[in-house]
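> The structure follows.
The values are calculated or read from the model by the stated rules, or taken from the named source; none is laboratory data. Computed from a predicted model, the values in this text were never measured in an experiment. Here Cβ is always computed from backbone atoms with ideal geometry, including for glycine, and neighbour counts include all displayed protein chains.
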Amino acid sequence: MDKLLLLALVALVSCSAPQVIPVKNSQSTSETVYLDYCRRIFDKIEGNGNRHFPQVNGKKLYGEVIILIPLYQDGTIYAESGGLRVRRSSGNTDLDVAALNIVQMSTPFEPIPQDLRSSDKEDVFEITVPFKFEQVEESSNNGSKRSLNSVLHLAR
């Protein structure tokens, strides 16, 4: 896969790598592996975020924040050079810290799939995770009852 195509794929799924990592298989196989890996990480973070929705003094926090997760190939967080960090703040420090904590409680992540790894085990992959903490209106199955629920959605 050429570098431009790999970079376009990276931008498309909101995951990015600090360098172009050689891919061993065909484009479609590698794309599927990459998308599946990101989906599993996002699902794990989203589940924890919905179980531990951020709040301060009993008041739920809403907003959008983008978190950058640098990972070694074994799925552990790379802590040097800033490590796990806010890439774009929500404007609310409490919400930003809560998003970082949600990522931390979601670790460890599974290792980077073999098809996406480079030959250097010290390479760091960066995954950009856009959080959206929001309140949504939901109705019952028969449509008679409406309620407001607080949910975390990760843009995919």
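> Working only within segment 67-77, note down all residues that are modelled with pLDDT under 95 and of a type in the set (Val, Ile, Thr).
Once the filter is applied, which keeps residues that are modelled with pLDDT under 95 and of a type in the set (Val, Ile, Thr), segment 67-77 yields ILE69, THR76, ILE77.
> Further question on the same structure: When the residues of segment 106-122 are narrowed to those that are out of contact with any strand residue (DSSP E or B) (no Cβ under 8 Å at 6 or more places or on another chain) and exposed (fewer than 13 other Cβ atoms within 10 Å of the Cβ), which ends up nearest to ILE45 (Cα to Cα)?
Applying the filter and picking the extreme gives PRO108.
> Please go through segment 49-97 and pick out each residue that is among the hydroxyl-bearing types (Ser, Thr, Tyr) and in contact with a strand residue (DSSP E or B) (Cβ under 8 Å, 6 or more places away or on another chain).
TYR62, TYR72, TYR78, SER81, SER89, SER90
> Also: Considering only residues that are in a helix (DSSP H, G or I) and over 15 Å from the mean Cα position of the chain (by Cα), which ones fall in segment 30-62?
Residues satisfying the conditions are SER30, GLU31, THR32, VAL33, ARG51.
> I'm checking my understanding of the structure. Among residues of segment 50-91 that are over 23 Å from VAL124 (Cα atoms) and touching a Phe, Trp or Tyr at 6+ places or on another chain (Cβ under 9 Å), which one is surrounded by the fewest Cβ atoms within 10 Å (Cβ to Cβ)?
It comes out as LYS60.
> Please determine whether any residue of segment 17-30 is surrounded by fewer than 16 Cβ atoms within 10 Å (Cβ to Cβ), modelled with pLDDT of 50 or more and touching a strand residue (DSSP E or B) at 6+ places or on another chain (Cβ under 6 Å).
The answer is no; no qualifying residue exists.
> Hey, does segment 63-81 have a residue that's closer than 23 Å to LEU148 by Cα and part of a loop (DSSP other than H, G, I, E, B)?
Scanning segment 63-81, I find no residue that is closer than 23 Å to LEU148 by Cα and part of a loop (DSSP other than H, G, I, E, B), so the answer is no.
> Among GLU126, GLU137, GLU80, GLU64, which is the only one that is modelled with pLDDT of 90 or more and acidic (Asp, Glu)?
Going through GLU126, GLU137, GLU80, GLU64 in turn, the sole match is GLU64.
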